[in-house]
Structures are given as structure tokens and as C-alpha cells.
Amino acid sequence: MTVRDKDRSTPSDRAAWTGRSDAACDKGDPRVRRTRPVVLLTDFGPQSAYVGQLKLVLHRLAPQAPVLDLAHDLPPQNRAAAALTLEGARRFLPRNAVVVVVVDPGVGSSRRIVAARYADDVAVLAPDNGILRAACGFEEPAELRAVANAALFLKPVSTVFHGRDILAPVAAKLARGMAWAELGPALSWRHLVPAPWSDAAFYGDSADAEVILADRFGNLLTNLRAEWLRGHRVLQVRCRRRRFPFVTHYEAVAPGDPLALIGSHGRLELAVRDGSAAERFAISAGHPVRVDFGIR
Amino acid sequence: MTVRDKDRSTPSDRAAWTGRSDAACDKGDPRVRRTRPVVLLTDFGPQSAYVGQLKLVLHRLAPQAPVLDLAHDLPPQNRAAAALTLEGARRFLPRNAVVVVVVDPGVGSSRRIVAARYADDVAVLAPDNGILRAACGFEEPAELRAVANAALFLKPVSTVFHGRDILAPVAAKLARGMAWAELGPALSWRHLVPAPWSDAAFYGDSADAEVILADRFGNLLTNLRAEWLRGHRVLQVRCRRRRFPFVTHYEAVAPGDPLALIGSHGRLELAVRDGSAAERFAISAGHPVRVDFGIR
Amino acid sequence: MTVRDKDRSTPSDRAAWTGRSDAACDKGDPRVRRTRPVVLLTDFGPQSAYVGQLKLVLHRLAPQAPVLDLAHDLPPQNRAAAALTLEGARRFLPRNAVVVVVVDPGVGSSRRIVAARYADDVAVLAPDNGILRAACGFEEPAELRAVANAALFLKPVSTVFHGRDILAPVAAKLARGMAWAELGPALSWRHLVPAPWSDAAFYGDSADAEVILADRFGNLLTNLRAEWLRGHRVLQVRCRRRRFPFVTHYEAVAPGDPLALIGSHGRLELAVRDGSAAERFAISAGHPVRVDFGIR
């Protein structure tokens, strides 16, 4: 029997994820902002002027909107990296943020651009390429629309940079209060392109997981979230015939030795202390990971 | 017979370039901003604190001015890279932007610093080293002045960082509404240092062009702008005895094969599909490019 | 006899350092800002979302506060690099800036976080790891406190990212005018962790200095500040049995030759013209440098 994320998530999971139970994070400045903040997440490098052009367009159309760089220079066209970055930042997003994701391997093809609005009024604009489902899998949006109203776009629309010509002007207009219905037709969450990975499948005494990203230090992130291990006792973790002792911190093994632990992303990770697990064991995204449980 | 840019440009060229015919790009927030935005373009890397120091000075002198990063970490002291980045962003600049260019191989010498004001009230501050003429060759400024009034500068003026001590304080003061005449004496556009390249020369059945920049992917940008090819049918493109078939997109040739096309900069480019034309053929800035035309 | 920094600094030293005698740097916009600017200095790379998460938290808690990036991507956990960057920027800081330093090799241990307020109302928040004493050695703060009031922090406080969970929310609250006494108990400046280096020791005819940082070009910065050489005539500079002629600019020696000079940090530096002194002579932080003086 496998258990899927939607079934497994509880209200307290979701509260932890969005951080809305966070007493120390107060409601912010009581004065009403005139425009919403725009948060950028892209795979453009610092030398390119692509991020700069996004900002010029945003400023021209919404000069009062604060623009926040969540991250740039992500591994090119890597949807898992973008999704995990957004997932990790979700609970810190300002309540009325308009998030723009420009990691877009399908630009120029007929892939859709979609806009999701969540219960806390956070909006996410992204190509429909699985990032949204992967990053926000827990959280069904209050409203979901295709970004299809060409009157909102910058003309001429380039075939290679929809970030500047579609996503930025639409984000600017949302930041200034444009009605959500202007975007285009409503969509069903279940019709979006699925995440680039399935979640780990749990059986009675084991779980089948998978590597979803090798980070730049060679640590291997998996599709198994920490909270799903509650009530389980991990006996061992295996990948490519190699055993990774499950520990709570790096220092529990000798330098150069392999280990498995819950990393800062809140996911099961395979690593090598002071080394690169990806290089050492030639493991990359897609390799299966087996987790065996003992009796609690 | 050669034809030079100024003669060749038409009002519609200029409209395309500045984007002022751009119906989708509306006039922005109607509320008057109290200070103008400052746009930064530099070759400083992210580790250096040079960009940070520019921003500290701007904030001290014009705390209300939005500061937008167009690009940093450009190839060091490469005037062509700076000019092409500014050219590509020109039509997205906010109408009252103050652009600061700090790509300054001549700092410490007696090179001038100049300020250009355009018809749409965009201002550009830059060392007089050819970048302005290269980036804005089409567009004669409404007003051009030497930045010579030392009372505006931060003292003591460093010999190695005029960006911080001259350009930033002057930009801050312009952003806050300082009269243009405070800058220094008026200059003639024709007396500026010319662009680091000549434009391509057109003959009846051919054009003599030149490589002006190898980008970081090894694509070779030339001094031949796309709009100058209107009415011509390109038969072949040659550089260093090598033929580059002229195509409309990369996929028209096999992986590893050379090609010529109109790239995202709106210029003739030489490239290798999935490879580096610069490395493969040992071509760099300055190499001549010959374009042959057929009968239309 | 050695002379220590505190004894050696004069009021005019301090004025030069904080730039408060700077006539060209006017008082800025007369309109009162509603929140103070926050200035960030970290060793996080551009791909990481760590800087982005800092900015999200700052925006959530102080949406009106301008956020200025002084520098990021500093050499990881290198306290000298952080201190020298802060020292070099000190005189450009806005008068009411809240500076946040996240270079934190001791995160997770019991090291303190401290907050210093200076006479010009600049505040610096940093781990108590020597950076503050190194960067601001001249300038005793008007007030110094431990950041210990857990009610100000973001919960749960991560064990690996106090920048986001402690420094950012505290900075946001200071930016919005929180009383200084809310932070925690007062501390004595002399009880902070000392700088990662001692200042150069001066004797009658020589000084014992030390390399404190190899920058990314291989130039070697020392713990000997330029102003301490007033009244001395440098005869020679030696390190690892190698002589470095003391000159005023790089061009005074042939390409590839070693030299010593006062660099842009206002410190004695060892360098190789058009080369890396660190690589060429295998010199790194900690190596002693001997400076011999002649009769003036």
C-alpha cells in the first residue's frame, strides 16, 4: 500500500509548512502598502542582464512595488532545484507576495503559464512545468488560472524570454491590484503538469524513495520528507548497493564516510562527511533509495 | 559605397529601439515619484563590495531613489559587453531613469565622464570611452554635458573608483532633481570617444562586418544589426575562411555544426549548435566577417 | 615597546574613518524616513536562497525598510574578509543604518550574538566572533548589548541559520524603532571576542606585522594600517625571506616582480605585479611580515 502526500498531510503539517502558526513572525507594518511585493526566483546568472530586464519592466509598470530576490543562478532549467528553493522559502513569504518563477525549459513551446493564489493571498506565477505542483504539493490554491490574456503582455512577445514579456508585466499588474479574473480561464489543480518526482511510497516496514537533486556540494536530496518518518524507526538507508547509516548530524561519522540524515530542507539526504556523495558513488537524480524500518 | 548608421536609421527604427511605440508597456503608476530610479551597470563581481559601496553612497544622498541592478560582473573592462547590454535594455528603461555605467578601463587617466539626457528624460552617466556612442548610436541625446563640477563629488576622490566618488553622488543628485546645467559644460555628441567598433559597411552585393564580442557561450556577435538586412537575401557568411550557413534557428543545423543567425541581441551572430564558435574556430573580437547577398 | 590601536588613534583618524568630516556627503533627503535602512554582509553565494530568505523575513517584519547589499559570497567563514569589507565601507554607511553581518563559523555553538550602536546611530548586529572588534577597532560603540531576548526571534530557531531566525527579525525590529534595551543585557566592549589578528607592533626602527588575508587576486593584506606609517620612512618589507620593495604604485616594478604598497584598503599589502603573491611565494594569512624603517 502506498500513501500519497495529499492523504498524509494534516492541518498541522500545513501550518508548519506555511509558517502561519509562527508567533514570532508578526503581522508586519500595519500601514497598508500601496503595492504588493514581487519575489523573483530564476536560473539566470549574474552576468546576464535578464534579471535586470525583469526588474526594469516591473519598475516601469509598478514603480511602487518592492522587488525581492529569492534566488538566481539556479542550476539551469532544473525544476527540482527551483521547487525545493520555493518550498524552503514558502513560510517566509510576505502574505501578499507575488512570486515569479522563471525556470523555463519549455519556453517557445506551447507550455502554459499559470497563476496560483493561496489562502494567505500569496500568488505564484510560473510556467506549467511541474515546479508549482512540486513546491506547493501540500497546498491546494484557492484559485488557479491560466495566464492567457495577451492584452497584459509586453509586445512583441519574444519567443525566448517569456519571463520579461509575460510574467513580469502580469506580476506588476497583480501587484497593483488587477482583478484575478483578468488573467485568463480558471484551471483545475489536478490538471497541472505533475511534479518532476513522485513522493516516497511507504509500506509496512520500508519506503521506496528516490534522489531528486544533487546540490552543488554533492549532497543528495530525496523525495522523502522528514515528517513522514514520524512513528518510524529507520534501520538503514541504501542506494546503489551502498549502505548509508542514518544519523542525526554529520559528526556522527568519520570524515569521508557516508551517512543519511534529515537535512536543512526537511528531507532525507544522502551525504559524505566533508565530501561529495554524488561524485563518490556516482549517484544522481532518479536513482532509487530504499529505507528499511525497525520495530518502534 | 558605405552607409553609416546615422543615415540608415529611420524614425521607425528609433521607435523600435526605444520601445516608445510599445502599446502594452503603459505609463506606469500615475502617482509622481519623488525621486528618479537609478539603474546600475558595472563589471564588478559579486564578492567585491564595490557595488555595495555605490549603493551606500546612493542611499545616503538619495534615500528615496529606487536602485535597479541591470547587470554586474560583466567581462572586466569590456566596453562592447557593456554597450550591448545597455543597447538590449534601452527600450525597457523607466522614462526618467538615471543610468550609471561603471565599466572604466581608463580610470585614473584623464578620460572624461559624460552625462547624456535623451528625449524621454532617460539620463546616462558613463566614462567617455565609447560605450555611450556604441550603445546609443542611433539616438542623439537632447543634451550632453561633461561631468566636471567637483563640488558634486565625494571627497577625497579616489584615483581608482570614480564610480563611487563621482558617478554615484552625481546620479543621486540628478535623481533628486538637480538642474542639468550644474554638471559641467555642454559637449557635442560628435566629440565623444567613438564606439569600439564601426558599423558594418554595405556594398551592392555584400557587407563587411566584424566580430565585436564573444559571449560566455562562445557565440560571436557582430556589428551588423538585423534591420539593416531588410531587402537583402543573405547567400553566405564567412569568417576565417569558414562558411556559416545563414539560418533562422539553431535546430536548422546538426549538433556541432556552425551557423549564422539573427540572435537575441538583434544582431548577426556566428555560432556552433551546442558548442562554442569562439573556441572551435579561434575567432574573437576584431575578426572580419563577410556577408554575401543574392538577388532578392 | 609596542603601541596598540586604541592609543594610536586620534580624533582625526576617527573622522577620516567614519567620513563624518566629508563635506561633499550631504545630509541626504531631509524628509524623515519611516524606517531605517538595513545593510547586509554575508558569505552566502548567489545560488543559495539564504540571502533571499533574509530579505523575505526583513520584508515581512519591516516592509518599509530599504535593504542594501554591501557584499555577499565572501570567502566562506572568513572573518578577516568580512571585517575588512565592513571597515572599507564604514564611512559610506547611512547614518541610521542597521548592519547585519552573517559570517558565522560558530553557528550552532554557544557563541553570542551582539549589537553595537555607534555615536552616529549606525548599528551593527553580528556574531561575537571578532569581526566587530576587527572592523570597528577604532571606534568604541556608544552602547553594546547581547542579543538575548528570545521573544524577538523567529520560531523555531534553526541550529544552522541564525541569520534568518535571529539577526534578521532583530534587525527589522530595530529598523522600525524598537528600543535598544529590548535586545538583552549590556556588555563591555572589552569583553567581546578579540579581532582575528593583533595590530602591527611598532618598535624604534621596525614593525612586526602579519598577513591577515589573501584576496582573490593573491594580494596579501596586512595588519598594518597606512596612517601608522606617518613619520616613518620604510626601507624594506620582508616576508618568508623574500624582500618586497616598498613603492607607491604597481607600475614602479616590472611585470612579475614583487612589491609592497599601500593598497585600496588603506593597509600595507604585498603583491606581485600582474600576478599572485599568495601563489608565487606560498604566503597566506598568519605569516609574519617585517618592516624596517630608515632615518626620516
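The values are calculated or read from the model by the stated rules, or taken from the named source; none is laboratory data. Bear in mind that the values here come from a model prediction, so they are computed numbers and not experimental data. Using ideal geometry, Cβ is built from the backbone for each residue, glycine included, and neighbour counts are taken over all protein chains shown. Surface accessibility is based on the protein's heavy atoms, side chains included, excluding ligands, DNA and RNA. Shrake-Rupley method; radii C 1.70, N 1.55, O 1.52, S 1.80 Å.
In this entry, residue A:165 is excluded by the filter for residues that are more than 14 Å from chain B (Cβ to nearest Cβ) and among the acidic types (Asp, Glu). Considering the stretch A:245-296, the qualifying strands (runs of 3 or more DSSP E), each wholly inside and each with 3 or more residues that are touching a residue at least 24 places away in the same chain (Cβ under 8 Å), run over A:267-272, A:288-294. Residues that are touching a Phe, Trp or Tyr at 6+ places or on another chain (Cβ under 9 Å), under 14 Å from residue B:48 (Cβ atoms) and within 14 Å of chain A (Cβ to nearest Cβ) are absent from the stretch C:45-59 altogether. Only one of the numbered conditions (1) open to solvent by 20 Å² or more (accessible area, probe 1.4 Å); (2) modelled with pLDDT of 90 or more; (3) within 24 Å of residue A:76 (Cα to Cα) is violated by residue B:261, and that is (1). Which condition from (1) exposed (fewer than 13 other Cβ atoms within 10 Å of the Cβ); (2) touching a Leu at 6+ places or on another chain (Cβ under 6 Å); (3) not hydrophobic (A, V, I, L, M, F, W, C) is the one that residue A:241 breaks? Against the list (1) exposed (fewer than 13 other Cβ atoms within 10 Å of the Cβ); (2) touching a Leu at 6+ places or on another chain (Cβ under 6 Å); (3) not hydrophobic (A, V, I, L, M, F, W, C), residue A:241 comes up short only on (2).
The single condition among (1) out of contact with any strand residue (DSSP E or B) (no Cβ under 8 Å at 6 or more places or on another chain); (2) surrounded by 23 or more Cβ atoms within 10 Å (Cβ to Cβ) that residue B:63 does not satisfy is (2).
Answer yes or no: is there a residue in the stretch A:42-62 that is modelled with pLDDT of 95 or more and within 15 Å of the chain's Cα centre (by Cα). Taking every residue of the stretch A:42-62 in turn, at least one turns out to be modelled with pLDDT of 95 or more and within 15 Å of the chain's Cα centre (by Cα). Within the stretch A:226-238, if we keep just the residues that are touching a Leu at 6+ places or on another chain (Cβ under 8 Å) and surrounded by 15 or more Cβ atoms within 10 Å (Cβ to Cβ), the residue that is nearest to residue A:136 (Cα to Cα) turns out to be A:229. Of the residues contained in the stretch C:283-290, one or more are found to be open to solvent by less than 20 Å² (accessible area, probe 1.4 Å) and under 25 Å from residue C:73 (Cα atoms). Scanning the stretch C:162-197 for residues being open to solvent by 10 Å² or more (accessible area, probe 1.4 Å), closer than 24 Å to residue A:88 by Cβ and out of contact with any strand residue (DSSP E or B) (no Cβ under 7 Å at 6 or more places or on another chain) gives a total of 2.
One residue alone among B:114, B:103, B:99 is modelled with pLDDT under 95, among the aliphatic types (A, V, I, L, M) and open to solvent by less than 10 Å² (accessible area, probe 1.4 Å), and that residue is B:103.
Within the stretch C:168-209, the set of residues being of a type in the set (Lys, Arg) and more than 12 Å from chain A (Cβ to nearest Cβ) comprises just one member, C:190.
May I ask you to verify whether residue A:225 is in contact with a helix residue (DSSP H, G or I) (Cβ under 6 Å, 6 or more places away or on another chain) and over 25 Å from residue C:46 (Cβ atoms)? Can you show your working first?
Details: in contact with a helix residue (DSSP H, G or I) (Cβ under 6 Å, 6 or more places away or on another chain): no; over 25 Å from residue C:46 (Cβ atoms): yes.
Spelling it out, it is not the case that residue A:225 is in contact with a helix residue (DSSP H, G or I) (Cβ under 6 Å, 6 or more places away or on another chain) and over 25 Å from residue C:46 (Cβ atoms).
Scanning the stretch C:70-80 for residues that are touching a helix residue (DSSP H, G or I) at 6+ places or on another chain (Cβ under 6 Å) and facing another protein chain (nearest Cβ under 7 Å) returns C:70, C:71, C:72, C:74.
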